[in-house]
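Q: Structure provided below as structure tokens; questions to follow.
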Amino acid sequence: MKTANQEIMPITRKINEAGNVEIGGCDLTELANKYGTPLYIFDEATIRSMTRSYKDAFKSYPKMRMMYASKAFMTASICKIMEQEGFGLDLCSGGEIYTAKSAGFDMKKTLFNGNNKSYKELKMAADYEIGTISVDNFYELMLLNDIASELKKEVKILLRITPGIECHTHEYIQTGHLDSKFGFDLTTLDEAIDLIINEYKNLKLSGLHAHIGSQIFEKQVYYDEIRVIFKEIKRIKDKYNIELNEINIGGGLGIKYTEEDKPISVYEIAQTIIDSIEKHSKEYNIEPPYVYIEPGRSIIGTSGVTIYTAGSSKQVPNGRRYQAIDGGMSDNARPSLYQAKYTVEVANKPEEKETEMITIAGKHCESGDILAKDITLPVIEEGDVICFYDTGAYGYSMSSNYNRVLRPAAVLVNNGKSDIIINRQTYEELIQTDVIPERLMNA
Ligand code: LLP
């Protein structure tokens, strides 16, 4: 069965009677008028269709624990949706912890990840009683045990390992290969376990965690990752007589940004994961464990689009035609960072013939601020509404104030209704954290 991550467009996207693109029953040109641009738009139906696909695909394995990877896109409203969908949250910073807590999320259903969690962040995690902390390195083991003993608490942990699995994705978003900044490599794992057993009495080791990368289109890497984790669990059982009963296999399922992308469905990946767990539980004679999965991009990516307004344009003599829009690398860093490609439409004339080869340029003072290179679109005029698909994941969450451009607003659309979930930043907010020291005032 196909799942929404295999589509380029949100599941509710259609062309309405006015001939404009509509998502969640809302005309994008009307949203542009109402809220201004750039604007992130999230289709609630697509988000929920993905969370439900995950639940359905894994229903034959009741010990599955779905944790939405908040780094892909997190706001208080997304926390609410995940709560309603029965998902937990994977958190990776004090800011994400704070957001979840403020949204009233049940912190027992959260996990804390990261390769350099600070004392303050770990303390916050312990104070808020985050369900599980995935410990990445020796320094963190020591810090966390200190905190837990000060608080006279026992903290449940997983150990993040580097499974040595290579997957075919952009180098910057590959994480499971041996030369990685994340996790214990397998040669140092026992040293960590010895410390937990002999010294770090306030830490309770419940399992192992790995994450192999992001925007993955292959099944086999998950099968292999699980085999590596089970092999370690079996080895630990034999050596220490401890049977770890939780594993976390990370996130990573890919989505379809352009026609070239061929992501697999949630059902296919679920089957591979379940097969690997069942096979390796039997082979190593281990009770099937609780299994955490942390999808981010595949849950939120396809649901989100960004709309912009077309502004100036430039024809290079005998060269490219550049069409500028009112956003750019500050609201979508992915093209300049990863050469990421997107599917683009003109939302007020999606059915017009695509006769022009153009390059969509952002408004930032930087030549590399190009959002889409050499794509074909209908002839664009100033004021047209340009829609970039699949910006839901790692768009807003990686946005910046470069050139002191304001962060855009985000709306959630559903059944013809649109609601703000993030207000557009204001100039007052932009300068709120600026400070002028006295001595500069008096100079
Ligand atoms: N779990 C861990 C431990 C992770 O590091 C990540 C992503 C995830 C889960 C979620 O992975 P997903 O299902 O979203 O692929 N900024 C990059 C992606 C970086 C991913 C980092 N870790 C991009 O825009 O492509």
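Q: Just to be sure before I move on: is Leu178 in contact with a Ser or Thr (Cβ under 8 Å, 6 or more places away or on another chain), assigned to a strand (DSSP E or B) and closer than 26 Å to Lys279 by Cβ in the structure I sent? Break it down into steps so the answer makes sense when it comes.
A: Values: in contact with a Ser or Thr (Cβ under 8 Å, 6 or more places away or on another chain): yes; assigned to a strand (DSSP E or B): no; closer than 26 Å to Lys279 by Cβ: yes.
Criteria not met by Leu178.
Q: Being within 16 Å of the ligand (Cβ to nearest atom) and surrounded by 19 or more Cβ atoms within 10 Å (Cβ to Cβ) narrows it down to one of Asp390, Asp384, Asp369, so name that one.
A: On the way: Asp384 fails: within 16 Å of the ligand (Cβ to nearest atom); Asp369 fails: within 16 Å of the ligand (Cβ to nearest atom).
Within the list Asp390, Asp384, Asp369, the selection yields Asp390.
Q: Among the residues of segment 38-48, write down those that are more than 17 Å from the chain's Cα centre (by Cα) and open to solvent by 10 Å² or more (accessible area, probe 1.4 Å). Give the steps one after another, and end with the answer.
A: Filtering segment 38-48 down to residues more than 17 Å from the chain's Cα centre (by Cα) leaves 38-39, 45.
Within segment 38-48, Pro38, Ala45 meet the criteria.
Q: Pull up segment 110-136, narrow it to residues that are part of a loop (DSSP other than H, G, I, E, B), closer than 18 Å to Lys156 by Cβ and touching a residue at least 40 places away in the same chain (Cβ under 8 Å), then point me to the one that is farthest from the ligand (Cβ to nearest atom).
A: That would be Gly131.
Q: Hey, Ile299 hits all of (1) touching a Ser or Thr at 6+ places or on another chain (Cβ under 8 Å); (2) more than 15 Å from the ligand (Cβ to nearest atom) but one; which does it fall short on?
A: Unmet for Ile299, out of (1) touching a Ser or Thr at 6+ places or on another chain (Cβ under 8 Å); (2) more than 15 Å from the ligand (Cβ to nearest atom): (2).
Q: Scan segment 203-232 for residues that are closer than 22 Å to Val155 by Cα and not in a helix (DSSP H, G or I) and jot them down.
A: Leu203, Lys204, Leu205, Ser206, Gly207, Leu208, His209, Ala210, His211
Q: Can I ask one more? Using the structure shown, decide if Ser60 is in a helix (DSSP H, G or I), away from the ligand (no atom under 16 Å from the Cβ), of a type in the set (Ser, Thr, Tyr) and within 22 Å of Thr272 (Cβ to Cβ).
A: Numbers: in a helix (DSSP H, G or I): no; away from the ligand (no atom under 16 Å from the Cβ): yes; of a type in the set (Ser, Thr, Tyr): yes; within 22 Å of Thr272 (Cβ to Cβ): yes.
So Ser60 does not fit the description; no.
Q: Now a separate question. Any idea how many residues of segment 307-327 are open to solvent by less than 40 Å² (accessible area, probe 1.4 Å) and either within 16 Å of the ligand (Cβ to nearest atom) or polar (S, T, N, Q) (or both)?
A: The number of residues fulfilling the criteria is 1.
Q: Something else now. Can you run down the residue pairs with Cβ atoms below 6 Å, 6 or more apart or on separate chains, where the first is in segment 291-302 and under 21 Å from Arg160 (Cβ atoms) and the partner is acidic (Asp, Glu) and near the ligand (Cβ under 8 Å from one of its atoms)?
A: Listed pairs, sorted by first residue: Glu294/Asp90.
Q: May I pose another question? Could you tell me how many of the residues in segment 201-253 are among the hydrophobic types (A, V, I, L, M, F, W, C), away from the ligand (no atom under 12 Å from the Cβ) and surrounded by 18 or more Cβ atoms within 10 Å (Cβ to Cβ)?
A: Within segment 201-253, the subset among the hydrophobic types (A, V, I, L, M, F, W, C) is 203, 205, 208, 210, 212, 216-217, 221, 226, 228-230, 233, 236, 242, 244, 247, 249, 253.
Then keep just the ones that are away from the ligand (no atom under 12 Å from the Cβ); that gives 203, 205, 208, 221, 226, 228-230, 233, 236, 242, 244, 247.
The next check asks that each one be surrounded by 18 or more Cβ atoms within 10 Å (Cβ to Cβ); those that pass are 203, 205, 208, 221, 226, 228-230, 233, 236, 244, 247.
Here the count works out to 12.
This table checks each residue for (1) assigned by TED's automatic domain parsing to the domain that holds Ile249; (2) at pLDDT below 95; (3) open to solvent by 20 Å² or more (accessible area, probe 1.4 Å).
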{"site": "Lys14", "(1), (2), (3)": "no, no, yes"}
{"site": "Ala18", "(1), (2), (3)": "no, no, yes"}
{"site": "Gly36", "(1), (2), (3)": "no, no, yes"}
{"site": "Met50", "(1), (2), (3)": "yes, no, no"}
{"site": "Ile81", "(1), (2), (3)": "yes, no, no"}
{"site": "Gln84", "(1), (2), (3)": "yes, no, yes"}
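The values are calculated or read from the model by the stated rules, or taken from the named source; none is laboratory data. Just so you know, these numbers come straight off a predicted model, no measurement behind them. No Cβ is skipped: glycine too gets one built from the backbone with ideal geometry, and neighbour counts run over all protein chains shown. We work out accessible area using only protein heavy atoms, side chains counted, and drop any ligands, DNA or RNA first. Shrake-Rupley method; radii C 1.70, N 1.55, O 1.52, S 1.80 Å.
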